[in-house]
Amino acid sequence: MSIYLHFRAVAESEIRDDHTWLAAFMSEARENDEAEYAAGIAYSINKSWNAVNDLHAAADALYTDADEPWTLPIYGGRPVPHSADADPSDPPLMLLEPPEVSQAARFLTTASFDDLWNVVDAKFTALGWARQEHLEHHRDLQEFYGQAAAAGHAVVKAVWA
């Protein structure tokens, strides 16, 4: 079974703050994922997004004066509650507004992957988690959030099984 966290950048004016509508939007985005990935408006992490979050959480040890912007790239945003008429099989959704997208982009640009990895290296290596895979996720998230922030977009996140 495959489970992944899907990110989609979109102009805030084009979205509705409604779970049913956003689930349909994300479902359509999921069907067009290759074109959207190529356009830089979509990204996904298969199964390992918790580890990617843990990598960024290492910022707590490095940036003690930060207001925890490391949570934004993976778990940041506001949960969009299911409406009474929502399909129970619709995915959990989060909405990250443009100011938070900009904050996530700044964090990903500022946080040194090597410094973050040095904090988690022993733990991640013991768990068999590869440095290169996490480096690629970090760089891909930098690019995705950087483009979304530059465009002034929001980011919608969905967990798909």
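Worth pointing out:
- GluC sites (Glu not before Pro) within the range 1-90: DSSP coil, no more than 15 neighbouring Cβ in 10 Å: none
- Rg/Rg_globular for the range 71-147, with Rg_globular taken as 2.2 N^0.38 Å and Rg from C-alpha atoms: 1.38
- Coil-residue chymotrypsin sites (Phe, Trp or Tyr not before Pro) of the range 25-120, DSSP, other Cβ within 10 Å capped at 13: none
- Taking max minus min of the alpha-carbon positions on each principal axis, the chain gives extents of 46, 35, 31 Å, largest first.
- Each of Ala130 and Glu143 was given a label point 7 Å from its Cα along the Cα-to-Cβ line. The distance between the two points is 1.7 nm.
- Simple spin-label estimate for Ala38 and Asn50 in nanometres, 7 Å along Cα-Cβ: 3.5
- Computed label-point distance, nm, for sites Glu97 and Asp18 using a 7 Å Cα→Cβ extension: 2.0
- One decimal place: the segment Ala151-Asp65 gains 28.1 nm when fully extended, by the rule 0.36 nm per residue minus the C-alpha distance.
- Options His19, Trp49, Ala38, ranked by Cα towards positive dipole end of the range 4-160, top entry (Cβ charges): Trp49
- Dipole magnitude of the range 4-160, debye to nearest 20 (Cβ charges: Lys/Arg +1, Asp/Glu -1, about Cα centre): 260
- Gain upon complete extension [Glu28, Ala86; 0.36 nm per residue less C-alpha separation]: 19.2 nm
- Expressed in units of 2.2 N^0.38 Å, where N is the residue count, the Cα radius of gyration of the range 35-115 is 1.27.
- Whole-Å distance, taken between Cα centres, linking the range 144-161 and the range 45-88: 13
- Here the chain is scanned for trypsin sites (Lys or Arg not before Pro) in DSSP loops (not H, G, I, E, B) that have at most 16 other Cβ atoms within 10 Å, and the longest stretch holding none of them is 48-161.
- Using C-alpha pairs under 8 Å with a sequence gap of at least 6, the mean separation divided by the residue count of the range 4-160 gives a relative contact order of 39 percent.
Read-outs throughout are calculated quantities, based only on the coordinates presented, and are distinct from any laboratory measurement. Just so you know, these numbers come straight off a predicted model, no measurement behind them. Note that each Cβ is placed from the backbone with ideal geometry, even for glycine, and that neighbours are counted across all protein chains shown.
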